[in-house]
């Protein structure tokens with residue numbers, strides 16, 4: 001009887017050790033990956049395909065991405081569905097943090113928006129005056145393709161129309177409800193105009209016949225920030241993994257990589273790093 005009890009307790013001990021190891025391994029596996037909600041521009045430009053394998057090699061963190069408009073990404077953060085955000089709508093990002101959905105916002109990089117349109121000859125000259133260009137498009141009822149998806153680009157476009165004193169409406173103004181890459185292809189097919197981040201345009205310019213018509217206007221700068229979702233949003237939030245990813249993204253190494261991305265293929269960087277310690 002004593003021998004049976006001994007075997008029984010040994011069995012319980014073994015099972016508890018195995019279970020404990022499984023829990024630990026499970027936690028380790030869970031905390032070795034994060035879910036990143038980001039914009040379509042970081043995806044379509046190829047930046048994430050370039051950065052994330054290096055990030056995983058350096059940190060051991062696997063980054064699973066969901067590329068949507070900034071508005072949708074912020075909502076996913078509010079709902080506690082993702083661990084970290086990498087987006088480009090600074091006013092809404094700051095509001096997101098102020099409301100307690102995120103813990104802090106770090107500047108990561110910037111690029112700019114450009115107005116693109118049909119590759120006509122002679123080229124229409126607007127200089128760097130985006131308001132003048134939009135007024136011409138509105139007056140002539142020229143086809144304009146809007147993101148129409150509550151993304152950072154869409155909100156920037158609406159802000160620029162508003163600042164120009166124009167309420168775009170009519171058959172010429174089309175809300176696509178899709179990502180930047182698809183919008184550029186639609187604009188190309190319809191020989192229309194659109195506002196795009198420069199990085200996505202450069203990544204696709206060999207596939208489309210659109211030219212840059214306006215650039216350099218001070219209202220066209222496009223800032224990207226990274227925000228860890230508040231871990232109080234739910235037990236599934238991987239705060240440690242999110243913070244490790246962010247520490248890597250704003251590190252000297254990652255900032256240097258961002259500054260180099262695009263130079264070899266396009267002759268210019270697609271993004272300018274701007275994290276300041």
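Using Rg and Dmax of the Cα atoms in Å as the read-out, say which of (i) 18.2, 52; (ii) 23.6, 100; (iii) 18.6, 59 was calculated from these coordinates. So the structure-derived entry is (ii). In terms of the mean number of neighbouring beta-carbon atoms within 10 Å, the peptides 139-145, 94-100, 71-77, 194-200 order highest first as 194-200, 71-77, 139-145, 94-100.
Tell me, what is the FRET efficiency for residue 190 and residue 106 to the nearest 0.05, using R0 = 35 angstrom and their Cβ-Cβ distance as r? Can you show the working numbers first?
Numbers: r = 38 Å, r/R0 = 1.10.
Efficiency computed from Cβ-Cβ geometry: 0.35.
In this simple spin-label model, placing a label point 7 Å from the Cα along the Cα-to-Cβ direction at both residue 206 and residue 99 gives a separation of 4.2 nm.
I'd like to compare 201-213, 109-121: which one has the highest average count of other Cβ atoms within 10 Å, and what's the full order after that? Don't jump to the answer; show the numbers that get you there.
On the way: 201-213: 17.6, 109-121: 19.5.
Highest mean packing first, the order is 109-121, 201-213.
Angle of helix 180-190 to the longest C-alpha principal axis of the chain, folded into 0 to 90 degrees and rounded to 10: 30°. At what distance in angstrom do the alpha carbon centres of the range 202-277 and the range 165-189 lie from each other? Rounded to whole Å, the Cα centres lie 24 Å apart. Counting only DSSP H runs of at least 4 residues, each contributing -39500 (n - 2.57), and dividing by the residue count of the chain, the helix-based mean residue ellipticity at 222 nm comes to -14000 deg cm²/dmol. The label point for residue 33 and the one for residue 255, both projected 7 Å from the Cα toward the Cβ, are 3.2 nm apart. To the nearest 10 degrees, how steep is helix 130-139 against the longest Cα principal axis of the chain, on a 0 to 90 scale? Approximately 70 degrees, to the nearest ten. Taking the alpha-carbon centroid of each part, what is the distance from the range 49-76 to the range 83-150 in angstrom? Between the Cα centre of the range 49-76 and that of the range 83-150, the gap is 22 Å.
Expressed to the nearest 5 percent, the antiparallel share of DSSP beta bridges inside the range 112-220 is 65 percent. Among 88, 154, 106, 101, sorting on how many other beta-carbon atoms sit within 10 Å of each Cβ, with the fewest leading, yields 106, 101, 154, 88.
Give me the percent of DSSP beta bridges within the chain that run antiparallel, rounded to the nearest 5. Intermediate results must be reported in sequence, preceding the final value.
Values: 21 of 34 bridges.
That works out to approximately 60 percent antiparallel.
Peptides 157-170, 245-258 ranked from most to least packed by the mean count of surrounding Cβ atoms within 10 Å: 245-258, 157-170.
Approximating the spin labels as points 7 Å out from Cα along Cα→Cβ, the residue 124-to-residue 58 distance works out to 4.3 nm.
Counting other beta carbons within 10 Å of each Cβ, put 146, 219, 41 in order, fewest first.
Lowest count first: 219, 146, 41.
Relative to the longest principal axis of the Cα atoms of the chain, the long axis of helix 47-59 makes an angle of roughly 20 degrees. Among 33, 151, sorting on how many other beta-carbon atoms sit within 10 Å of each Cβ, with the fewest leading, yields 33, 151.
The numbers here are math on the coordinates, done by the rules we state, and not lab data. Note that the coordinates shown come from a computational prediction; the quantities given were computed from them, not determined experimentally. So basically every Cβ, Gly included, is an ideal-geometry build from the backbone, and we count neighbours across all protein chains shown.
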